[in-house]
Amino acid sequence: MDVPGDSTWVVTSTGTTDGLNPTSPEAVRQADEARAVVNEALREVVGDLTRELGHEPVFHLHLVQIAAEGQVWRRVDADTVEVSGELMRSRHLIAPLESVIREIAR
């Protein structure tokens, strides 16, 4: 997915947290829901940073959805973050996204 300017983000899934078949209607619904939440959160963070910086921030972020219980996340390297499926479907995702993007944006 692309956001305005030269910034990009990628979401990768390593599986579902509740044992769903990844192609089942429920798994597809959860994936769609996660993408919508991530997209909205990312656009909100980019909008805030654009206003602060006076220009759109440029960054590359790779979000990896992991099979984990609860709302957890872990930064793996400079531009890669592992995120539980539950957190990806939650508005609580904004805080970790913002902290990482603030560090890597130019």
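A full extension of the chain between VAL76 and VAL10 corresponds to an added length of 22.3 nm, given 0.36 nm per residue minus the alpha carbon distance. The length gained on full extension between ARG91 and VAL58, counted as 0.36 nm times the residue separation minus their Cα-Cα distance, comes to 9.6 nm. Solvent-accessible area assigned to carbon and sulfur over the stretch 29-101 amounts to 52 percent, based on a 1.4 Å probe. Fully extending the segment from SER99 to THR23 would add 24.1 nm, taking 0.36 nm per residue of separation and subtracting the current Cα-Cα distance.
The values are calculated or read from the model by the stated rules, or taken from the named source; none is laboratory data. In this text the structure is predicted, and so the values were computed from the model without any measurement. In case anyone asks, the SASA skips ligands and DNA or RNA and just uses the protein heavy atoms, side chains included. Shrake-Rupley method; radii C 1.70, N 1.55, O 1.52, S 1.80 Å.
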